[in-house]
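Please treat every number below as a calculation from the coordinates, not as lab data. Everything numeric here is computed off the predicted structure, so don't read it as measured data. Cβ atoms come from the backbone with ideal geometry, glycine included; neighbour counts cover every protein chain shown.
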Ligand code: RFL
Ligand code: PHB
C-alpha cells in the first residue's frame, strides 16, 4: 500500500489528524492496535478547551459536541468545609471550556471517518517503523500470517504512551523527562445526577477528590488513592463513603449515589520526550507527553500537537513550504511544557503528599490562600485552564 501520511494510533489524536487531512484531500491511513469497541470503552477525559472545540468543528465533527456538550464558565475549589468559585469567564475575558467526554468525541471522529470512507485499519499487530531517516519511510504490520507494508512520505506516531513510535527513536537522540507520583486516581462513572452543575476540585486531609460529569444524568467522580490500592479494594459503598468524607458537608449531603458502571485506577505521571520529530517521524499526543489529569490538559495538549502538525502538513502539500514541519518539535514542546507546569502546579496544590513535612504543608496552604486573595493568581489559573493560545 502507499499513502502520503501513515498514522499510528486510532485514539483522538490520530483520528482527528486523519479527518482534517482527508478534508483537504491529503491521503492517509490510520493503523489501530485494538478494535473500535475497545477504544471507545476507555473512559478518560471530559474537559475540552475552546481551541480544541474549534478544531473539532473545523474537522466537521462538532455537531453533537455543540448539541450535547456543556459550556462551563467556571469551576469550584473546595477546602476546609467550603467551596470557592473560579470564574473562568470573568478572568479570561469571556473564555470557557466544553464538558464533553473523550468517548463521545472519539465516537464522533470514528463516525466521521466512516462517512468519508477513511482508511482506519483495526487490530493490527507488530507495527514496525522503517527507514525513518531515509527517503523511503514505511510501516509494516501483521494481519494473520501476512506482513503488510505501507510506504508513506511521513509517519505520525499518535499511539499513546505505550505505543511503538517513540520507542523507534534511538536512545541517544531521545531525551525523556519523567516524574511519577506515589498515588493514582480511582475513577467511578455512575448514572446519577451530578452533585454540582460545575466541577468541584476538593482538597482535604484525607486526599484529593474531584466531582465531574458527562451529562446531567451521568456523573464522573475521582478520589486520590495510594498506588498500592486495586479496584477490588474499593466496593461502591466504600468509594461513596470516602468521596463524601473529602467534600464539604453541604456538598456531601446532596450527593446522589448509585451503582458504578465503570471503575478504574489511573496512575499520576508527568512525562515529556524530546524532540518530537526524528527524520520523517512526528510524535503527537500521549506518545510524546503525559500529564497528571488534575489540570485537564492531556487531551487538550494532544489537540494542540495536531493543530501544529495539520498546518505543517498542509503547508508542505499545498504551499511547498516546510517551515512548519521543521519547527514542529520546538513549537509543540513550548506549549507542552507550559501544560506540564500547570498540571504539576494544580496537582501540587490539591493533593495530599505522603512525603511532605509540616513546612511543605504550610507552603501548600499558603499557595491556596494566595490564589484566592490575588486577582493575578486567579487569572493565571483561569488562562491556563481554558487553554493557552495555539
Ligand atoms: P490515546 O488515547 O492513548 O490513543 C492512542 C491509540 O494508539 C493505539 N496504539 C497502537 N496502535 C497501533 N500500533 C501500536 N503499536 C499501538 N500502540 C497503541 C492505542 O490502542 C490507542 O487507541 O492517545 P492520544 O490519541 O494521544 O490521546 C490522548 C488522550 O487520550 C489523553 O491525553 C487524555 O485522556 C488524558 N486525560 C485528560 N485529558 C484532558 O485534556 N482533559 C481531561 O479531563 C482528562 N482527563 C485523562 C483524564 C486521562 C485519564 N487517564 C485514564 C489516563 C482522566 C483520566 C482518568
Ligand atoms: C473528567 O471528567 O474525567 C475529568 C475532568 C477534569 C479533570 C480530569 C478529569 O481535571
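What the table below lists for this structure:
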item	result
Members of segment 112-135 found to be in a helix (DSSP H, G or I) and touching a residue at least 40 places away in the same chain (Cβ under 8 Å), listed by number	112, 113
Failed criterion for residue 384 (all others in (1) away from ligand 2 (no atom under 14 Å from the Cβ); (2) surrounded by fewer than 23 Cβ atoms within 10 Å (Cβ to Cβ); (3) part of a helix (DSSP H, G or I) hold)	(1)
Count of segment 259-289 residues which are in contact (Cβ under 8 Å) with a residue 60 or more places away in the chain, buried (at least 23 other Cβ atoms within 10 Å of the Cβ) and under 22 Å from residue 101 (Cβ atoms)	4
Count of segment 150-200 residues which are part of a loop (DSSP other than H, G, I, E, B), within 11 Å of ligand 1 (Cβ to nearest atom) and within 16 Å of residue 290 (Cβ to Cβ)	7
Matching residues, segment 175-206, being more than 15 Å from residue 251 (Cβ to Cβ), buried (at least 20 other Cβ atoms within 10 Å of the Cβ) and more than 11 Å from ligand 2 (Cβ to nearest atom)	183, 184, 186, 190
Segment 71-106 - residue that is within 16 Å of ligand 2 (Cβ to nearest atom) and assigned to a helix (DSSP H, G or I) and, of those, surrounded by the most Cβ atoms within 10 Å (Cβ to Cβ)	105
Failed item in (1) surrounded by fewer than 22 Cβ atoms within 10 Å (Cβ to Cβ); (2) part of a helix (DSSP H, G or I); (3) away from ligand 1 (no atom under 11 Å from the Cβ), with residue 38 passing the rest	(3)
Condition met for residue 67 (more than 13 Å from ligand 1 (Cβ to nearest atom), more than 18 Å from the chain's Cα centre (by Cα), more than 16 Å from residue 116 (Cα to Cα) and in contact (Cβ under 8 Å) with a residue 24 or more places away in the chain)	no
